[in-house]
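What follows is one structure encoded as structure tokens, with my remarks underneath.
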Amino acid sequence: TDEVAFTGEHQAGIVTPAQDRLHFVALDVTTKDRDRLIKVLKDWTAAAARMTAGRDAGEIGAVDGIPEAPPDDTGEALGLPPSHLTITVGFGPTLFDRFGLAAQRPAALEELPRFTGDTLDAALSGGDIAIQACADDPQVAVHAVRNLIRIGMGAVSVRWSQLGFGRTSSTSTGQATPRNLFGFKDGTRNLKAEETGALRDHLWVQPGDGPAWLDGGSYLVTRKIRMLIETWDRSSLTEQETIVGRYKGSGAPLGTEDEFDDVDFTSVGADGQPLLPTTAHVRLAHPDTNSGARMLRRGYNFVDGSDGLGRLNAGLFFIAYQRDPRTAFIPVQRSLAAQDEMNEYVRHVSSALFACPPGVTGPDDYWGRALF
Ligand code: HEM
């Protein structure tokens, strides 16, 4: 079947196989009423359970209600299968300033620091609540987000929204490695569902890490990264491979044969220089360069029209999940921001951090129940 289980120990949409399409939205909570917010979270959970099973958002459905009332589903997914839809929810640092939640805010849930080279747009960054909808059909992903926004009307408003096509990561060894808009295989050395021990150490928040409501959850970092593809396309193949640190065709690390070969840090070429330059992306992002840091990447390509200067506004909507951003995304991005040759070809334009609660266990449970 093409249905992904909604309930479980962890939220779906993190380590479950990455789908082809994304609709991500960050919301501001506009209500001051704590009970109203809880009601929205309960209604969202029930609607998400239905939609991920391929059903209408509401119990009555798009066309079976009384003609005098607006339907409880918007209808554009009628007749479409679940398409591996997953809906994943996270809470931003700003949510905890209100609703009596201050004491529940984990120390790791703090605005990300400013990194060298950041050109962030505040209007495209942050948010109180994140909804990540992934599916193999874009209509199914957009339908899911749209209906949750409709259900939350009057309590939440859209801060920013991002569509993505073409996953840029694999999250399971059963998936082929896709390519990003630089044309390189992306996700080769990602954290994968099969690495149970590594998921415990690097992906899921463990008891004792912080407030108990987040046990079994994960931290979500998003970065909208504009890729200057026109400049990239004028650089030579060798230069591109030197910047990434992998061969474009096979995806193998420089100096090795196979995509899944270990990165070779030590071999030197005839000129006495390391085969893998010290400024290569995969060297700087590698766990050995970052005190063992690992994260689960789950990003998507985007093309958002023109940049107004005759170029495509295109890039990578980077998504990474981790047990603690202070020992994963932050040190890795610091290392990349300082030295990565790729910086000449990318601009980080938006940034956000969310704490994603554990999975919903059944019909009486709802997203964030342990928090409220
Ligand atoms: C690896 C591309 C941004 C972290 C890779 C690989 C490519 C790539 C082609 C090699 C294949 C793989 O192992 O997945 C890009 C592009 C980016 C970008 C085009 C921006 C547009 C980032 C950012 C981070 C990051 C912002 C985190 C701060 C990593 C990590 C690896 C990796 C951890 C695996 C390193 C290893 O273990 O060998 N990236 N990346 N990347 N990237 Fe990026």
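Okay, here's what the table says:
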item	result
Scope region 236-253; condition away from the ligand (no atom under 11 Å from the Cβ) and assigned to a loop (DSSP other than H, G, I, E, B); matching residues	236, 249, 250
Residue among 173, 196, 168 that is β-branched (Val, Ile, Thr) and buried (at least 18 other Cβ atoms within 10 Å of the Cβ)	168
Residues located in region 101-129, provided they are open to solvent by 50 Å² or more (accessible area, probe 1.4 Å) and within 17 Å of residue 355 (Cα to Cα)	102, 103, 104, 105, 107, 110, 111
Selection status of residue 31, open to solvent by 30 Å² or more (accessible area, probe 1.4 Å) and among the polar types (S, T, N, Q)	no
Residue 337 being more than 28 Å from residue 16 (Cβ to Cβ), more than 8 Å from the ligand (Cβ to nearest atom) and open to solvent by 50 Å² or more (accessible area, probe 1.4 Å)	no
Subset of region 202-234 (residues that are exposed (fewer than 14 other Cβ atoms within 10 Å of the Cβ), under 30 Å from residue 264 (Cβ atoms) and either of a type outside the set (D, E, K, R) or in contact (Cβ under 8 Å) with a residue 24 or more places away in the chain (or both))	231
Number of positions in region 209-224 that are acidic (Asp, Glu) and over 16 Å from residue 327 (Cα atoms)	1
Residue that is closer than 19 Å to residue 146 by Cα, free of Cβ contacts under 8 Å to residues at least 12 places away in the same chain and part of a loop (DSSP other than H, G, I, E, B), where the choices are 50, 55	55
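The values are calculated or read from the model by the stated rules, or taken from the named source; none is laboratory data. As the structure is a prediction and not an experimental result, all values here were calculated from the model. Every residue, glycine among them, receives a Cβ derived from its backbone with ideal geometry; neighbour counts consider all protein chains shown. Only protein heavy atoms, including side chains, enter the accessible area calculation; ligands, DNA and RNA are left aside. Shrake-Rupley method; radii C 1.70, N 1.55, O 1.52, S 1.80 Å.
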